[in-house]
Amino acid sequence: MNYIKIESSSLSNGLGWRVILWCAGCENRCEGCHNKETWDEKAGKPFDEETMELLLSLMDNQFIEGLTLTGGDPLYPSNRETIAKIAEKVKERFPEKNIWLYTGYDFEDVKDLEVMKYVDVCVDGRFIERLRDVSLAFRGSSNQRIIDVQNSKDTVKVLDLD
C-alpha cells in the first residue's frame, strides 16, 4: 500500500487531536473530490515498517485522541490488508485511543472486513457533489453517515455529531 502523507496532529477528520494517514488509491473517483491526488494507488510512498514505527511514535502523545484513516480510500482493495494490520497494531499499543476510517463504500458492504474489528467510527459513502453540505460535521455530503462501528453489528447505529 502507498500513502500520500501522515499528519502528526490535526483537529479535522474526527473528534479531538488526531494523527491522520492519507492513503493512496480510490476507485470511486467522486465528482467534486478535493483529494484527486490520492486516487492513483501508485502515488506517494510505500507504507513500510519504518512508516509504521513513525505512525506509532506520533500516536504516543498524550494529547492525541486517535488515528484517522482516509485518502483516497483506505478500503481500496489493495489497501485492505495493510490497513487492517495498521489498525490492529494501533489498537494493541493504544487501546484507549479511537480509530476513525473514511471510505467511499457503504458500511453494509465493508462491515465484515478484518479492519472493522479495530475501527471505532466509520464515515461511509461516496461524496455526492449535489448533496454537498458544508454545515455537516466530519463529512462532505448529506448521504454520508458517521457510524458507531462497534455498536453496529446487527443494526447500523449512526452518530449525530451535527
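Put +1 on the Cβ of each Lys and Arg and -1 on the Cβ of each Asp and Glu in the range 1-53; which of Val19, Met1, His34 then has its Cα farthest toward the positive end of the dipole?
Among Val19, Met1, His34, the one farthest towards the positive end of the dipole of the range 1-53 is His34.
Debye calculation, C-alpha points only, no solvent: report log10 I(q)/I(0) for the range 2-151 at q = 0.12, 0.21, 0.22 Å⁻¹, in the same order as the q values.
These q points yield log10 I(q)/I(0) values of -0.44, -1.47, -1.61.
Work out the length of the dipole vector of the chain about its Cα centre, built from +1 on the beta-carbon of each Lys and Arg and -1 on the beta-carbon of each Asp and Glu, and round it to the nearest 20 debye.
200
Under the Karplus relation 6.51 cos²θ - 1.76 cosθ + 1.60, θ = phi - 60°, what is the ordered set of whole-Hz ³J(HN,Hα) values for the range 78-91, x standing for Gly and Pro?
Each residue of the range 78-91 in turn: 6, 8, 4, 5, 5, 4, 5, 5, 4, 4, 4, 5, 4, 5 Hz.
No lab work stands behind these numbers, since they all come straight from the coordinates. In this text, all values refer to a predicted model and were calculated from it rather than measured experimentally. All Cβ positions, glycine included, derive from the backbone under ideal geometry; neighbour counts span all protein chains shown.
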